Amino acid sequence: MNKKPAPKKESAAPAKKAPQPISPPRGMRDVLPADQPVWDLARQACRNVASAYGFERIETPVVEETALFIRGVGKQTDIVEKEMYSFETSGGEKLSLRPESTASVMRAYISNGMLNLPQPVKLWYLGPMFRHDRPQHGRYRQFFQFGCEVIGDEDAVTDAQLALMSHVILKDLGVEATIRINSIGTPESRANYKNALVSYFRSKRAKLSEDDKKRLLKNPLRLLDSKDPAVMEMKAEAPQIIDWLDEDSKAHFMRVLEYLDEVGVPYQLDPYLVRGLDYYTKTVFEIFTASDEPEGAQSALGGGGRYDGLAEILGGRPTSAAGFALGLDRIVSRMRELKIEPPAPGVDVFVAQLGEQGRKKALAAFEELRKAGVRAAEAFSKNAIKTQMEIANRRGAKWAVVIGQKEVLDGTAIIRDMDSGTQEIVDARKVVHEIKKKLDHAEVKTENH
Ligand code: HAM
């Protein structure tokens with residue numbers, strides 16, 4: 001049956017379109033309050049380890065000159081070629097959101113004259129990085145890294161200790177992980193290896209995808225990262241960089257491995273690990289965990305290595321350095337899979353009130369308790385005592401301090417045991433003292449159990 005459309009109502013003003021809700025940019029997310037405790041646990045483990053190993057915090061700008069990353073990370077890396085958020089300011093500056101922090105930290109070392117400090121300079125950082133990559137599981141466009149850099153030190157023991165630190169942080173968090181390690185030598189030994197690799201893959205060029213053919217021309221080492229099954233098969237026969245290392249790099253690498261053996265850090269030699277950033281020399285490593293997620297089966301929780309040439313590339317004096325960065329998003333996601341949760345923050349006392357006078361006194365009592373270091377909670381905007389008691393229970397308060405009209409007149413307060421429901425009346429001036437007494441008593445009781 002054909003119905004005639006109802007005639008449109010005449011209205012004076014044109015109909016307003018309801019505004020559409022706005023989502024976060026693709027590949028970026030909110031870290032919500034419910035997620036913060038597990039993030040805090042991860043961040044705290046990083047900070048504790050950094051300070052135990054003698055590192056100091058540095059904060060560099062989130063935005064740097066684009067040239068820093070072109071020179072530092074490398075013009076032909078995926079990060080610089082495809083993944084940078086770059087823009088020009090109205091003043092004509094060419095800037096980029098940082099895709100990583102090693103280049104920034106080295107820039108800061110040079111521009112702040114840290115060469116004049118006692119060496120090595122050991123710095124840590126934690127903050128957001130930006131890569132305009134294809135978003136997928138464990139890969140975001142804004143992600144958080146914790147990193148440590150040791151600048152002004154060439155010894156192999158530093159490389160080993162950095163790898164150890166990344167392992168220690170994950171172990172402290174309850175995440176089992178293994179290190180994959182390799183040495184890529186000096187730029188010269190790497191150039192020789194590149195030639196060998198190019199002639200190997202050239203003989204199999206027909207089997208390469210268009211992307212991999214381009215890689216073969218521009219950055220042949222990246223072929224070793226290819227996920228194409230055909231390339232992965234060819235890789236098994238490909239020359240290995242270890243056979244092209246100069247004597248110094250080889251000896252350095254052997255020492256790194258000996259130190260790792262000494263401290264019992266589990267590692268696997270990975271002859272094809274080359275990393276996606278151009279600044280590396282000698283040691284490179286990544287830290288992996290087995291994941292329950294099928295797509296994330298082998299997800300790198302962190303990576304690092306030595307970068308003895310970076311200072312010079314950035315206009316500084318030749319300065320040896322090494323470091324690593326952990327991906328906090330991936331670590332938190334692994335912690336979730338393993339159900340690693342921090343204990344919920346407890347509350348000792350809930351301060352409840354009735355009537356306007358009661359609310360005023362309760363407001364002041366809350367301040368006294370808080371200043372005395374008691375974990376107190378409140379819901380001063382609620383009127384009904386029943387609602388307040390429900391909140392107190394939800395928050396897990398052991399006691400409630402209740403101040404109503406009568407208590408205000410009497411100069412008293414009620415202390416209610418939330419488990420048994422028993423109540424006692426105390427002098428209002430003694431609330432903090434009484435609560436502290438109860439807390440001490442409860443502590444002794446749990447200790448004796
Ligand atoms: P990277 O391997 O590029 O190294 O990044 C380190 C870690 O950051 C990765 O292992 C991963 O956990 C995390 N990560 C990287 N990209 C993403 C992403 N799109 N989404 C989520 N997590 C990600 C560096 O950045 C070097 N600066 C490390 C270093 C420090 N080398 C020497 N010092």
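The values are calculated or read from the model by the stated rules, or taken from the named source; none is laboratory data. Since this is a predicted model, take the numbers as computed values, not measurements. Positions of Cβ are generated from backbone atoms using ideal geometry, with glycine treated the same way; all protein chains shown enter the neighbour counts. Accessible surface areas use protein heavy atoms only, side chains included; no ligands, DNA or RNA. Shrake-Rupley method; radii C 1.70, N 1.55, O 1.52, S 1.80 Å.
Summary table below
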item	result
Eligible aspartates and glutamates near K204 by straight Cα distance, threshold 15 Å, same-chain separation 8 or greater	D212, D228, E233, E237
Relative contact order for the chain, counting Cα pairs under 8 Å that sit 6 or more residues apart, in percent	15 percent
Cα-Cα over 28 Å, subset of K282/K339; K75/K194; K94/K227; K361/K445	K282/K339; K94/K227; K361/K445
Whole-Å distance, taken between Cα centres, linking the range 154-210 and the range 92-125	23 Å
The range 99-166 - charge dipole about Cα centre, Lys and Arg +1 at Cβ, Asp and Glu -1, debye rounded to 20	480 debye
Surface per residue (accessible, 1.4 Å probe) for the chain, Å²	55 Å²
Selected from A156, A377, A206 as most flexible by GNM, with the chain as the system and alpha-carbon contacts under 10 Å	A377
Sequence-distant lysines (8 or more away, or on other chains) whose Cα lies within less than 20 Å of K17	K8, K9
Dipole of the chain, positive direction: furthest Cα of L173, N393, I435, with charges on the beta-carbon	N393
Value of [θ]222 nm, deg cm²/dmol, for the chain, DSSP H segments ≥ 4, -39500 (n - 2.57) each, nearest 500	-11500 deg cm²/dmol
Euclidean distance between Cα centres, the range 369-430 to the range 240-257, Å	68 Å
Ranking by accessible area, most exposed first, for K382, K16, K171 with a 1.4 Å probe	K16, K171, K382
Antiparallel bridge percentage (DSSP; both residues within the chain; nearest 5)	80 percent
Within the accessible area of the range 132-183 (1.4 Å probe), percent carbon and sulfur	40 percent
Over the range 310-449, relative contact order from alpha-carbon pairs under 8 Å, at least 6 apart, %	20 percent
Over the chain - Rg/Rh using Cα atoms and the Kirkwood inverse-distance radius	1.13
Surface share of carbon and sulfur [accessible, 1.4 angstrom probe, percent] for the range 349-443	51 percent
Local electrostatic count, A322, Cβ distance below 9 Å [Lys/Arg +1, Asp/Glu -1]	-3
Set of aspartates and glutamates with alpha-carbon distance to K122 below 19 Å, sequence-local pairs under 8 removed	E56, E59, E100, E149, D153, E154, D155, D159, D308, E312
Order by protection proxy (mean Cβ within 10 Å, highest first), peptides 103-111, 362-370	103-111, 362-370
Note, ³J(HN,Hα) from phi for the range 324-332, Karplus 6.51, -1.76, 1.60, rounded to Hz, x at Gly and Pro	7, 9, 9, x, 5, 4, 6, 5, 4
Counted charge near T102, where neighbours are those whose Cβ lies closer than 13 Å (Asp, Glu -1; Lys, Arg +1)	0
Within the range 349-443, percent of DSSP bridges classed antiparallel, to nearest 5	55 percent
Long-range Cα-Cα pairs in the range 349-443 (distance over 15 Å), rounded percent	54 percent
Expected-Rg normalisation [2.2 N^0.38 Å, Cα atoms] applied to the range 39-168	1.13
Of K382/K430; K82/K218; K398/K437, those spanning more than 19 Å from alpha-carbon to alpha-carbon	K382/K430
Cα-centre dipole for the range 349-443 with unit charges at Cβ (Lys and Arg positive, Asp and Glu negative), debye to 20	260 debye
